[in-house]
Amino acid sequence: MKTLNFSIQWHITDRCLNRCKHCYIDTCTNDVSFEQYRYVMDKLRRFEEHHDVIIPGFCITGGDPFCNVDFYKIVEDLSRRGKKVSILGIPERVTTDNMRFLSQNGISCYQVSLDGTQMDHDSIRGDGSYLRTIEAIKTLEQYDIPRTIMFTLGEHNRKDMFQLIKELDKEDVAADFTFDFLVEEGKAKVNCMEMISPECCESIFDEYFQQMQRHQKEKKRLRLRMKSPMMKAYALSKSEDGIGYSTILNRIDGCHCGISSCAILPNGDVYPCRRLPICIGNIYDEDFEEIILDNEFIKRFRRRDSYALCEDCQHFTVCRGCPAISYSFSGNPFGKTPYCFSKKTVPNGDALSKDNGEIDLLLNGVGQLDTVYTRRMISDYIKKNMQRSKENGN
Ligand code: SF4
Ligand code: SF4
């Protein structure tokens with residue numbers, strides 16, 4: 001059996017103890033029962049057997065996934081099936097009992113959010129949330145559970161991100177840190193929270209990349225990572241000294257839509273990504289195969305020529321923009337991503353140019369993309385370094 005580079009983000013409840021201002025959930029209605037969970041897992045197992053593949057990763061989230069009374073049973077069952085499980089959660093659930101449970105079940109990561117320094121963060125996520133989150137990160141460290149801090153970047157907090165990084169360094173916080181752009185969906189729309197203006201995007205990428213390099217050199221315990229595909233593309237385009245390569249090469253794949261992930265909502269609706277609210281089927285009514293392989297919309301994400309504005313870009317293989325952001329700006333997920341910094345376009349051959357079958361694209365697409373792109377970038381890097389050594393007379 002081959003292992004797909006694929007993970008399912010499963011929203012097992014809409015409910016949450018917190019109601020953050022920019023949450024994309026604006027109604028709270030459904031929980032996934034253990035029976036429904038098993039029903040879906042049976043479908044996924046049939047898909048795996050039929051195609052001789054393994055779906056390795058599950059990201060369990062909500063709302064607050066702990067609000068689902070079957071959370072513990074679901075996590076235990078996934079772990080028993082040998083699946084890699086991560087949790088997108090809230091700090092309030094990082095209790096010693098829960099951490100013991102997650103440790104025993106080999107959780108691969110627990111993600112919490114920080115959206116600014118104390119005052120700004122608390123204004124979005126509620127009084128005391130900042131300090132609870134810092135405490136939660138320390139507790140996760142005690143239990144040796146890998147942890148990530150996610151910063152959702154909007155116009156309201158864009159000036160605060162680098163100040164937050166400074167404060168986390170001062171506190172010697174040990175965690176991965178990453179950011180992604182706010183998408184005006186759900187409560188963010190209701191609360192009039194704005195996405196950042198495209199003009200300031202490049203300077204944010206630039207500053208973040210510099211900070212990332214500095215953190216690596218100084219071996220800080222806060223490890224700055226890249227999530228946004230456009231940030232990855234930006235870093236590759238700047239990484240002449242090689243630091244960028246070592247950070248990025250272990251995971252080059254760009255936008256996950258249609259290729260390496262999908263989101264299942266509590267009512268069974270499946271989206272290409274939770275931030276892209278276009279339903280491609282319902283897992284209770286259809287087979288996983290029909291949704292993920294046959295749906296005409298999801299198939300477009302696996303075709304280079306769907307991306308009118310990215311298709312000739314040299315960063316296509318690591319980026320392809322963010323269809324959720326494009327959709328929020330223009331109503332067209334394949335339209336121009338306003339945060340794209342690239343002005344150059346260089347045609348590039350890869351697996352998404354070929355007319356492969358859907359399962360082959362899922363199996364090999366990303367692998368081939370990585371190889372083609374990585375080989376070229378490494379050879380460029382070696383050439384540049386040889387040239388530099390020659391010029392320095394070494
Ligand atoms: S053109 Fe598309 S693939 Fe290229 S950098 Fe911009 S968003 Fe990314
Ligand atoms: S649509 Fe945007 S947020 Fe969703 S997987 Fe693609 S790049 Fe990430």
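The values are calculated or read from the model by the stated rules, or taken from the named source; none is laboratory data. Computed from a prediction, not measured in an experiment: that's the story for all the values here. Note that we place each Cβ from the backbone using ideal geometry, even for glycine, and neighbour counts take in every protein chain shown.
Evaluate region 320-336: report whether one residue or more is in a loop (DSSP other than H, G, I, E, B), at pLDDT 90 or above and β-branched (V, I, T).
no
Restricting to region 157-182, count the residues that are within 29 Å of Y327 (Cβ to Cβ) and either without any contact (Cβ under 8 Å) to a residue 40 or more places away in the chain or acidic (D, E) (or both).
4
Would you call G106 within 20 Å of F205 (Cα to Cα), outside any helix (DSSP H, G or I) and among the small types (G, A, S)?
no
Out of all the residues in region 198-218, is one or more in contact with a helix residue (DSSP H, G or I) (Cβ under 9 Å, 6 or more places away or on another chain), at pLDDT 95 or above and farther than 26 Å from C340 by Cβ?
There is no residue in region 198-218 that is in contact with a helix residue (DSSP H, G or I) (Cβ under 9 Å, 6 or more places away or on another chain), at pLDDT 95 or above and farther than 26 Å from C340 by Cβ.
Which condition number does Q314 fail, the rest of (1) more than 14 Å from ligand 2 (Cβ to nearest atom); (2) modelled with pLDDT of 80 or more being met?
The number of the failed condition is (2).
Residues checked against (1) closer than 22 Å to Y234 by Cβ; (2) away from ligand 1 (no atom under 16 Å from the Cβ); (3) surrounded by fewer than 18 Cβ atoms within 10 Å (Cβ to Cβ):
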site	(1), (2), (3)
T133	no, yes, no
Q142	no, yes, yes
L153	yes, yes, no
E171	no, yes, yes
F177	yes, yes, no
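Could you tell me which residue of region 219-259 is nearest to N30 (Cα to Cα), considering only residues that are away from ligand 1 (no atom under 16 Å from the Cβ) and at pLDDT 85 or above?
Step by step, filter region 219-259, then rank; the result is R225.
Filter region 279-330 for residues that are aliphatic (A, V, I, L, M), within 16 Å of ligand 1 (Cβ to nearest atom) and in contact with a strand residue (DSSP E or B) (Cβ under 7 Å, 6 or more places away or on another chain) and give the result.
A324, I325
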